[in-house]
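Reading through the structure tokens given below for one structure.
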Amino acid sequence: MKLADLDILVTSPPAPGWGGRYWILVKITTGDGISGWGECYAASVGPQAMRAVIEDVFERHMKGESPEDIEKMFRRAYSSGFTQRPDLTVMGAFSGLEIACWDILGKARGRPVWALLGGKMNERIRAYTYLYPLPHHDLTEFWTSPEMAAESALDAVSRGYTAIKFDPAGPYTMRGGHMPAMSDISLSAAFCKAIREAVGDRADLLFGTHGQFTTAGAIRLAKAIEPYSPLWFEEPIPPDNVAQMARVASATSIPIATGERLCTKAEFAPVLRQGAATILQPALGRAGGIWEMKKVAAMAEVYNSQMAPHLYAGPVEWAANIHFAASIPNLLMCETIETEFHKGLIKNGIQIKDGFITPPDTPGLGIEVDEELARAHPFDGVGLHLEMQDAPCDYVNGNSFAGGAPIKIG
């Protein structure tokens, strides 16, 4: 059984586009006709450039190899070009291809992927959701409205969710850490207050920031929201400064979470070693794949830390997250995105019920990708999956973060 053929599909979720502007799906077929699916969550270059990277990584390091030889293929990709260090784009390409190898292996053996990773540790997986606008909400006003956020939180709790994420502090800027505007601190506290009053103790509050603040600014913000007891303070400063994130962690009672932008054990290890976070959030389609994140989960276990796989992508990466989550002892929860397009693309192969996910028992990832649906929604824009704004923090008019890519542009 050797890896033979590669197909790449770039599909674009219909507006409002929760999950990003496009998803890069890969399909690998072996010489004896077994196909596996993966998803490459890499967004630092456009999808056409990324297509070329994925093809190169496959041809150079994987084609003709057994899908069992994941460690060897990882080391080839990790070492390519005399690097042996995390390369976000190369690892993003490899991650999706690696997920497809696990799908192939499960199908070849007639077993779900979790069974190949040490078995099922978790019979069901706690899910969490980002707070998205309800049908009657104004798409522009929602992101700065504590009242609408509380309504959305109540709706999520009514569907069984026990954890909800939101990030009202904005902006999402390429300028790096900034001191939050006092109005942004006040708005963040108002969001926490309104949501906590709405859901009580029925759900945990997950506060996101997308790495936007200076160390001092993050600590100021943390103090303002501490009274509402969030379960985590996500990526309070840019993720490349582990020592400063550790300073934030030592200054607040809120657990620090990070990891959606980190890549391989080389970047996760310092986070644990320096006490910068106790909740790790890998994106499996970017961070090195399932096997590499099993290693990170083992390291986290030694540091008494938990895993909460991140999702701002499509349902193939989500499926990989579920199998990974099912197999580890130190799981906290998994992010989910419930849209008709997410569900339809994997033909409802994995479902959320009452806020929990049951890992599938069917072979491989347990999903069937609807290729016709994926091809019917090609990406024809020029924007990246997610983009940061050039403008700095607005200290006069306030700021907001509109949920990623809610409007199809460019």
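The values are calculated or read from the model by the stated rules, or taken from the named source; none is laboratory data. In this text the structure is predicted, and so the values were computed from the model without any measurement. Neighbour counts run over all protein chains shown; Cβ positions are idealised from the backbone, glycine included.
So which of D155, D138, D167 is crowded, with 20+ Cβ neighbours inside 10 Å, closer than 30 Å to S186 by Cβ, assigned by TED's automatic domain parsing to the domain that holds W232 and of a type in the set (D, E)? Checking each option against the conditions leaves just D167. When each of N304, N321 is tested for being under 30 Å from C192 (Cα atoms), within 12 Å of the chain's Cα centre (by Cα) and of a type outside the set (D, E), the lone residue that passes is N321. Checked against the criteria, Q274 counts as farther than 30 Å from W37 by Cα and of a type in the set (S, T, N, Q).
Selection over the stretch 11-44 of residues that are at pLDDT 95 or above and farther than 16 Å from Y312 by Cβ gives a count of 13.
Condition check ((1) closer than 20 Å to M245 by Cβ; (2) at pLDDT 95 or above; (3) surrounded by fewer than 24 Cβ atoms within 10 Å (Cβ to Cβ)) across all residues:
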| position | (1), (2), (3) |
| --- | --- |
| Q274 | yes, yes, yes |
| M307 | yes, yes, no |
| A320 | no, yes, no |
| H323 | no, yes, no |
| V369 | no, yes, no |
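Of the residues K120, K72, only one is surrounded by fewer than 22 Cβ atoms within 10 Å (Cβ to Cβ), on the phi < 0 side of the Ramachandran plot and in the same structural domain as V26 (by TED's automatic domain parsing); which?
One residue alone meets the criteria, K72.
Filtering the stretch 170-227 to residues that are under 26 Å from the mean Cα position of the chain (by Cα), more than 27 Å from G355 (Cβ to Cβ) and basic (K, R) leaves only R175. Of all residues in the stretch 73-92, those being in a helix (DSSP H, G or I) and either among the aliphatic types (A, V, I, L, M) or farther than 24 Å from N321 by Cβ (or both) number 7.
What number of residues within the stretch 267-290 satisfy the criterion of being hydrophobic (A, V, I, L, M, F, W, C) and assigned to a loop (DSSP other than H, G, I, E, B)? Step through it out loud before you land on a result.
Of all residues in the stretch 267-290, those hydrophobic (A, V, I, L, M, F, W, C) come to 268-269, 271-272, 276-277, 279-280, 283-284, 287, 290.
Adding the requirement that they be assigned to a loop (DSSP other than H, G, I, E, B) leaves 276-277, 283-284, 287.
So the answer is 5.
Can you confirm whether G259 is on the phi > 0 side of the Ramachandran plot, buried (at least 19 other Cβ atoms within 10 Å of the Cβ) and in contact (Cβ under 8 Å) with a residue 12 or more places away in the chain? Criteria met by G259.
State which residue is farthest from the chain's Cα centre (by Cα) when the search covers only the stretch 12-53 and only residues that are farther than 28 Å from G64 by Cβ and among the hydroxyl-bearing types (S, T, Y). Talk me through it step by step, then tell me what you get.
Keep residues of the stretch 12-53 that are farther than 28 Å from G64 by Cβ, which gives 12-22, 43-44, 46.
From what's left, among the hydroxyl-bearing types (S, T, Y): 12, 22, 44.
Working: S12: 17, Y22: 14, S44: 15 Å.
Of everything passing the filter in the stretch 12-53, S12 is farthest from the chain's Cα centre (by Cα).
Condition first: of a type in the set (G, A, S) and outside any loop (DSSP other than H, G, I, E, B). Now tell me which residues in the stretch 215-266 satisfy that.
First pass over the stretch 215-266, keeping only residues of a type in the set (G, A, S): 216-218, 222, 224, 229, 243, 246, 249-251, 253, 257, 259, 266.
The answer is A216, G217, A218, A222, A224, A243, A246, A249, S250, A251, A257, A266.
Look at S95 and say whether it is of a type in the set (S, T, Y), in a helix (DSSP H, G or I) and either assigned by TED's automatic domain parsing to the domain that holds G349 or farther than 29 Å from E234 by Cα (or both).
On the way: of a type in the set (S, T, Y): yes; in a helix (DSSP H, G or I): yes; either assigned by TED's automatic domain parsing to the domain that holds G349 or farther than 29 Å from E234 by Cα (or both): no.
For S95, the condition - of a type in the set (S, T, Y), in a helix (DSSP H, G or I) and either assigned by TED's automatic domain parsing to the domain that holds G349 or farther than 29 Å from E234 by Cα (or both) - is not met.
Which of the residues belonging to the stretch 325-341 are part of a helix (DSSP H, G or I) and buried (at least 22 other Cβ atoms within 10 Å of the Cβ)? Reasoning before the result, please.
Start the filter on the stretch 325-341 by keeping residues that are part of a helix (DSSP H, G or I), which leaves 325-326, 340-341.
Scanning the stretch 325-341 gives A325, A326.
Among the candidates S152, S186, the residue that is closer than 16 Å to G398 by Cβ and not in a loop (DSSP other than H, G, I, E, B) is uniquely S186. Being among the hydrophobic types (A, V, I, L, M, F, W, C) and surrounded by fewer than 24 Cβ atoms within 10 Å (Cβ to Cβ) is a property that A150 has. Can you give me the number of residues within the stretch 228-260 that are among the aromatic types (F, W, Y) and either farther than 15 Å from P168 by Cα or over 22 Å from the mean Cα position of the chain (by Cα) (or both)? Count: 1.
Can you tell me which residue is nearest to V157 (Cα to Cα) among those in the stretch 353-395 that are assigned to a loop (DSSP other than H, G, I, E, B) and of a type in the set (V, I, T)? Looking at the filtered set, the residue picked out is T358. Look at (1) part of a loop (DSSP other than H, G, I, E, B); (2) touching a Gly at 6+ places or on another chain (Cβ under 9 Å); (3) surrounded by fewer than 16 Cβ atoms within 10 Å (Cβ to Cβ) and you find that D5 fails only one, number (1). Taken as a whole, the structure leaves F82 outside the set of residues that are out of contact with any Ser or Thr (no Cβ under 7 Å at 6 or more places or on another chain) and in contact (Cβ under 8 Å) with a residue 24 or more places away in the chain. With respect to (1) within 30 Å of P171 (Cα to Cα); (2) hydrophobic (A, V, I, L, M, F, W, C); (3) in the same structural domain as D155 (by TED's automatic domain parsing), the lone exception for A325 is condition (1). Being crowded, with 21+ Cβ neighbours inside 10 Å and charged (D, E, K, R) is the filter here; which residues of the stretch 75-106 pass it? The answer is E98, D103.
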